[in-house]
1. In whole Hz, what ³J(HN,Hα) sequence does segment 78-95 give by Karplus (6.51, -1.76, 1.60; θ = phi - 60°), x for Gly and Pro?
2. Within a 10 angstrom radius of the beta carbon, how do 90, 29 rank from fewest other beta carbons to most?
3. Taking the mean number of other Cβ atoms within 10 Å as a proxy for protection, how do you rank 126-133, 184-191 from highest to lowest?
4. Setting aside same-chain residues fewer than 8 positions from residue 47, which lysines have a Cα under 20 Å from its Cα?
5. What would the Debye equation give as log₁₀ I(q)/I(0) for the chain at q = 0.17 Å⁻¹, counting only Cα atoms as equal point scatterers?
6. Would you calculate a helix-derived [θ] at 222 nm for the chain, using -39,500 (n - 2.57) for each DSSP H run of n ≥ 4 and dividing by the full residue count, to the nearest 500?
7. Of the chymotrypsin sites (Phe, Trp or Tyr not before Pro) in segment 1-79, which ones lie in a loop per DSSP and count no more than 15 other C-beta atoms within 10 Å?
8. What is the distance, in nm, between label points placed 7 Å from the Cα along the Cα-to-Cβ direction at residue 194 and at residue 140?
Amino acid sequence: MTHAEQVLTATLQALRRLRAEQTMPLHAIVWGKWGTGKTVSAQKIAKKEQDVFYVKAPDGEITRGRLYRLIGFSLGCGARSTYEATLDLIKHHILYYNLKPIIIFDEAQRLLRKQHILNELKDLSEDEELSFSYLFLGDQTTPKLLASHDHSLFKRFAIKKELQPLTQETIAFLIKEYRIQTDPAPIFHFAKERGWTTLDTAICLQAIKNQKVEPTVEALGRIAKALGR
């Protein structure tokens, strides 16, 4: 399991526990630079966890109707022609399947500036027929956005975490995943010196596997140079 998947899994577990203990809606926010594995990990978790649903926040203008459509399709019930009808559909879907959804909003920095969307999300989370909890995934600009854009929804962030670009545990996981026989420590130190993320490292390790070369730091350096990493 990569660092990102470990953090997101632990965050979701903690959010479930806190939600059961508290009477108010609670949420979480996790951020990290591009390439740390947020999106891949979130999508993987959403596929296997029955109460977790993934939404990628679109760039540009987001209306109430568009937000409800995104949520409806994420939950698997789809959408209708008006936002009121879509909301009714979502409520019936949640009641029928007895869901307590946790919605992961990827690219959350696109939402944190939009007061009208934050208002909608707050209202949805406080609706007892929905009881949404959110896990927001943002980029490295997220802490500044939280500091500069005040909203009452932010006060419900029970968990705030920053992802590390790369960890030795992630290297060990990738080596095992690609069936490469080598010590993860030298590769981790090499990658850390270069400021690599999980994605950078995964691309180069995949190349080592494909080229069937000895998994040494020297070989990794040659591949990194060839790939412009």
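1. Couplings: x, 8, 10, 6, 10, 5, 5, 5, 5, 5, 4, 4, 4, 5, 5, 5, 5, 5 Hz.
2. On the way: 90 26, 29 23.
Exposure proxy ranking, most exposed first: 29, 90.
3. Final packing ranking: 184-191, 126-133.
4. 38, 56, 100
5. Summing over Cα pairs of the chain leads to -1.13.
6. Value at 222 nm, helices only, nearest 500: -16500 deg cm²/dmol.
7. When the chymotrypsin sites (Phe, Trp or Tyr not before Pro) of segment 1-79 are filtered for loop state and at most 15 Cβ neighbours within 10 Å, 34 remain.
8. Simple spin-label model gives 1.7 nm for this pair.
None of the figures in this text is laboratory data; all of them are computed from the coordinates on show. Computed from a prediction, not measured in an experiment: that's the story for all the values here. Neighbour counts run over all protein chains shown; Cβ positions are idealised from the backbone, glycine included.
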